[in-house]
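Peer 1: I'd like to ask you about the structure that follows.
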Number of protein chains: 2
Amino acid sequence: MNPQFDQVGRQFVEFYYKVFDENRSGLAPLYRQPSMMTFEGVQLIGAEAIMQKLIALPFQKVQHVVTTVDCQPMLDGGVLVMVVGQLKTDDDPPHGFSQTFVLKNDGSNWFIFSDLFRLVVHSV
Amino acid sequence: MNPQFDQVGRQFVEFYYKVFDENRSGLAPLYRQPSMMTFEGVQLIGAEAIMQKLIALPFQKVQHVVTTVDCQPMLDGGVLVMVVGQLKTDDDPPHGFSQTFVLKNDGSNWFIFSDLFRLVVHSV
């Protein structure tokens, strides 16, 4: 298991949301052919489908404010990351969100194998 | 990858919180020697340490109300699960929570390899 898992996860989170908020098309290199994303319950497979979804999201301004980042090592050297935060889009009030990533290393770069995103909206 | 990943994840979630809420010492068989838990930022390794933590949680009544469950298959046959829900303890107001599990199968039973839990509390 990767002893640097916490540093890897935290640096990834910082980088991911910075790129997402400034120019989300720049996230493309982080997704690969086998990457899976579940975005608000919609399942997407592969970098192309995922990037189409992210780029088509209907807001102009976006800011992720991270509240907590928790990381764990995985047996194959990957890193499991759970983020809780707030999402501010355009002039809407902030929404809580939860996002989980599985990061894998291809030998020289980290990429996102698994990505699950939910806005935190409770009915009760 | 396990084609039943969604069913496995959802059945697990239903079972896990039912046992947690009724008699949380009954969760012990779900954790194993290599299991990892990050509970509100505290890292625990192994079934014994995890169960000590869960049993010592300072509430008498607890109810998990699940809002969303998202599952993805993993390359080794495991299942990645992200839960968003609300936690009601004793007579306190409900708190949002986010919990991520990695489930693995030992050949006959599913167990929790990774468990990350956070109450959703934003400072802004």
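Peer 1: Tell me whether region A:111-120 contains one or more residues that are among the hydroxyl-bearing types (Ser, Thr, Tyr), within 11 Å of chain B (Cβ to nearest Cβ), touching a Ser or Thr at 6+ places or on another chain (Cβ under 6 Å) and open to solvent by less than 20 Å² (accessible area, probe 1.4 Å).
Peer 2: no
Peer 1: Next up: Could you check region B:66-78 and list, in sequence order, the residues that are more than 7 Å from chain A (Cβ to nearest Cβ) and assigned to a strand (DSSP E or B)?
Peer 2: If the condition is that a residue be more than 7 Å from chain A (Cβ to nearest Cβ) and assigned to a strand (DSSP E or B), then B:Val66, B:Val69, B:Cys71, B:Pro73 are the ones that fit.
Peer 1: Would you mind stating whether B:Gln7 is among the polar types (S, T, N, Q), away from chain A (no Cβ under 14 Å) and either out of contact with any strand residue (DSSP E or B) (no Cβ under 8 Å at 6 or more places or on another chain) or more than 23 Å from B:His95 (Cβ to Cβ) (or both)?
Peer 2: It is true that B:Gln7 is among the polar types (S, T, N, Q), away from chain A (no Cβ under 14 Å) and either out of contact with any strand residue (DSSP E or B) (no Cβ under 8 Å at 6 or more places or on another chain) or more than 23 Å from B:His95 (Cβ to Cβ) (or both).
Residue-by-condition table, conditions (1) in contact with an Asp or Glu (Cβ under 7 Å, 6 or more places away or on another chain); (2) not polar (S, T, N, Q):
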residue	(1), (2)
B:Met82	yes, yes
B:Thr89	no, no
B:Gly96	no, yes
B:Leu116	yes, yes
B:His122	no, yes
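Peer 1: On to the next question. Criterion first (touching a residue at least 24 places away in the same chain (Cβ under 8 Å) and acidic (Asp, Glu)) does A:Glu22 satisfy it?
Peer 2: no
Peer 1: With respect to A:Lys104, determine if the residue is at pLDDT 95 or above, of a type outside the set (A, V, I, L, M), within 14 Å of the chain's Cα centre (by Cα) and part of a strand (DSSP E or B).
Peer 2: It is true that A:Lys104 is at pLDDT 95 or above, of a type outside the set (A, V, I, L, M), within 14 Å of the chain's Cα centre (by Cα) and part of a strand (DSSP E or B).
Peer 1: Would you confirm whether any residue within region A:5-15 is farther than 22 Å from B:Leu75 by Cα, of a type in the set (S, T, N, Q) and in contact (Cβ under 8 Å) with a residue 12 or more places away in the chain?
Peer 2: no
Yes/no matrix, rows are residues, columns are (1) open to solvent by 20 Å² or more (accessible area, probe 1.4 Å); (2) in a strand (DSSP E or B); (3) more than 8 Å from chain B (Cβ to nearest Cβ); (4) closer than 23 Å to A:Leu57 by Cα:
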| site | (1), (2), (3), (4) |
| --- | --- |
| A:Leu80 | no, yes, no, no |
| A:Val83 | no, yes, yes, yes |
| A:Gln86 | no, yes, no, yes |
| A:His122 | yes, no, no, yes |
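Peer 1: Next question, about the same structure. Filtering region B:1-50 down to residues that are touching a Ser or Thr at 6+ places or on another chain (Cβ under 7 Å) and assigned to a helix (DSSP H, G or I), which residue is most open to solvent (accessible area, probe 1.4 Å)?
Peer 2: B:Ala47
Peer 1: Select from region A:88-105 the residues that are more than 7 Å from chain B (Cβ to nearest Cβ) and within 20 Å of B:Leu80 (Cα to Cα) and list them in ascending order.
Peer 2: A:Phe97, A:Gln99, A:Phe101, A:Leu103, A:Lys104, A:Asn105
Peer 1: Quick test for you: out of A:Asp106, A:Asp76, pick the one residue that is in contact (Cβ under 8 Å) with a residue 24 or more places away in the chain and closer than 19 Å to B:Leu103 by Cα.
Peer 2: Just one listed residue meets the conditions, A:Asp76.
The values are calculated or read from the model by the stated rules, or taken from the named source; none is laboratory data. Note that this is a predicted model, so its numbers are computed, not measured. Please note: Cβ atoms are built from the backbone with ideal geometry, for glycine as well, and neighbour counts cover all protein chains shown. Note: areas computed on protein heavy atoms with side chains; ligands, DNA, RNA excluded. Shrake-Rupley method; radii C 1.70, N 1.55, O 1.52, S 1.80 Å.
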